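Undergrad: Encoded as structure tokens, here's the structure I'll be asking about.
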Amino acid sequence: MRTIPERDLDTAIWHKSSYSGGSGGDCLEVAADLPALIPVRDSKTPEGPKLFFSSVAWAAFTSSFK
């Protein structure tokens, strides 16, 4: 299991999902600037836990919505 140093996430550029509304409801953010893993977090609690996907798993996940 690969560990991502927290400092890497501190400098990550997070992007809110285009499907997240502006009303403060359910919001998902991803940081795609890390080479091997895609971190995902809840924008309402950015200091909270993050999920990590391999780039292959993330591509499969996002392609299922197209």
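Derivation of every value follows stated rules applied to the coordinates shown; laboratory data play no part. For clarity, every value in this text was computed on a predicted model and none was experimentally measured. Note: ideal-geometry Cβ built from the backbone for every residue, glycine included; neighbour counts use all protein chains shown.
Undergrad: Which ordering of 44, 50 is given by a fewest-first count of other beta-carbon atoms within 10 Å?
TA: Going from least to most buried by this count: 44, 50.
Undergrad: Please work out how much length the chain gains when fully extended from residue 13 to residue 59, using 0.36 nm per residue of separation minus the C-alpha to C-alpha distance, in nm with one decimal.
TA: 14.7 nm
Undergrad: For 30, 56, what's the fewest-to-most ordering of other Cβ within 10 Å of each Cβ?
TA: In increasing order of surrounding Cβ atoms, one gets 56, 30.
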